[in-house]
Amino acid sequence: MAAPYTVHTSTLFDPKKKAFVSNISITVDPKTGLIVDVTERKPDSLGSTVPDGDIDLRGKVVMPGLVDAHTHIFLHSYDERPSLTQKRDESVPERVIRAVHHCRTALLSGYTTYRDLSSESMQEMDAQIRDCINRGLIPGPRLFVATRALASTGSYELRTENHANGVCYPRGGEAIDGVDEARTAVRRRIAAGADIIKFFADYRRRIMRYPPTQQHPYIASPTHPPKDPNPDILVFAQEEMDMIVKEAAMAKAPVACHAGTIEGATMAVKAGVATIEHAYFANEELFQLMIEKKCVFVPTLAVCERVHAKRFHEILDQTRLAYKMGVRFACGGDTGTYPHGQGVREMELLMDAGMSLEDTLESCTVGGWEACGKDLCGMRFGWFEKGLRADLIALRADPREDKRALRRVDFVMKDATIYKRDGKAVGMIRDDHEWDR
Ligand SMILES: [Zn+2]
């Protein structure tokens, strides 16, 4: 394994300062995967070339590796196939192989961490893919996974009208009812390898009464349906949510909550969740409570622009309000519902909602680490400091001048290992001798 080496930059985004700074050199150690030193060089202290073994990223724009705070490695774009038929019709090997490709694509697009919020009918295989990445078997972002999401009976479940004849879908989330089962389920998730507990505060539960042609986006298929045939309704009572959060805290795991209603989100924030995902409907009172409870908001605008296209302008307005009020953001698009490798879309939409470039980049780095549970996740990443994971990317163009710059990732390092250089993938296949390590 290589000795420590230094990366020299001319322009670097420092998320802690929320500013672009000049002439920073970062020394990293591939043995530990950590940053060893961060120093400011005197101008012109380097010549036209850097010392042997070092990396010259001068002339590029360097920033920490990006964190996508809401992903699904086992989903591919709903434009290709609705989630329902992905889960029903695709084989386990196909879904695993797709996930392997998704992880590689994500890493090459600059995402060194994925917060993967439920395996979508693939049981605990997200934890197993995480471990394969950590063992160096496949390239991919560092994964923090939820395994199966928690919901109550008859809520986040695939169902069919032919259930009476034994037609079944694969099991997805874990259906639990009551405080005792909530406690047991969290214990089971932790034992199954979950880093994060994910639960649904609300969902479209009346799927059989006015069956949609597909779940995402919701299209009512019967004639003369009521105005809102299958609205999001609560799936848990307050005491069940309280128990999920209490039990997760005992296991030192953060809790992420899917919320589509103000009522559901408010109950979850009161219970003490670390993050609220989506919040398709939100208001000032909810955001105020989130500020008080230090709850991180992951608005998943990239999925909203697709499945809530009709009222997307309202969702952008809500996001703008949350930003103005000072709600803490993390950047995650529900990636997988649209193609992996296009996680940058979420950053573009946050900026459309009025967020500054600097705050957007900070949400997609430090904010992502906070969404992973801060120090509960067992490591630090997302900014540049001695002892942090050595995750770093470089852009060919300057995002302050070129809106498309974030889509042109030229260099990717994760844990002090380089995966992309001069715009080309490297280190995708391990050398044979490495297998004997
Ligand atoms: Zn999701």
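Derivation of every value follows stated rules applied to the coordinates shown; laboratory data play no part. These figures come from a predicted structure and were not determined experimentally. Methodologically, a virtual Cβ is constructed for each residue, glycine included, from the backbone with ideal geometry; neighbour enumeration extends over all protein chains shown.
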Practice task
Note down the net charge around Lys294, summing +1 for each Lys or Arg and -1 for each Asp or Glu among other residues with Cβ under 10 Å from its Cβ.
Solution key: 0
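Based only on Cα atoms, what Rg/Rh ratio does the range 231-279 have, Rh being taken as Kirkwood's radius? If you can, show how the numbers build up before the last one.
Values: Rg = 10.2 Å, Rh = 10.7 Å.
Computed over Cα atoms, the ratio is 0.96.
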Fill in the blank from the handout: Nearest 10, in degrees from 0 to 90: the angle of helix 92-108 to the longest Cα principal axis of the chain is 40 degrees
Fill in the blank from the handout: In degrees, nearest 10, the alpha-carbon axis of helix 125-134 is tilted away from the dominant principal axis of the alpha carbons of the chain by 10 degrees
Practice task
Pick out which of Val412, Val28, Val307 has the largest mean-square fluctuation in a Gaussian network model of the chain, springs linking Cα atoms closer than 10 Å.
Solution key: Val307
Practice task
For helix 238-250, report the angle its Cα long axis makes with the longest principal axis of the Cα atoms of the chain; keep it between 0 and 90° and round to the nearest 10°.
Solution key: 30 degrees
Fill in the blank from the handout: Scoring only Lys, Arg, Asp and Glu (+1, +1, -1, -1) among other residues with Cβ under 11 Å from the Cβ of Gln86 yields 0
Exercise for the section: Just need the relative contact order of the chain here, percent rounded to a whole number, with Cα pairs under 8 Å and 6+ apart. Expected result: 19 percent
Completion exercise
Among Pro339, Pro399, Pro141, the residue with the largest mean-square fluctuation in a Gaussian network model of the chain built from Cα contacts under 10 Å is Pro399
Practice task
Give the cross-link partners of Lys270 among the aspartates and glutamates, using a straight C-alpha distance below 16 Å as the criterion and excluding same-chain residues fewer than 8 apart.
Solution key: Asp202, Glu239, Glu240, Asp242, Glu247, Glu284, Glu285, Glu292
Handout entry: Flagged links, alpha-carbon separation over 24 Å, of Lys17/Lys414; Lys198/Lys310; Lys16/Lys324
Key = Lys198/Lys310
Handout entry: Net charge of neighbours whose Cβ lies under 9 Å from the Cβ of Gly65, counting Lys and Arg as +1 and Asp and Glu as -1
Key = +2
Completion exercise
So, relative contact order of the range 80-210 in percent, Cα under 8 Å, 6 or more apart, is 26 percent
Handout entry: Distribution of pairwise C-alpha distances over the range 66-377, 20 Å bins, in %
Key = 35, 61, 4
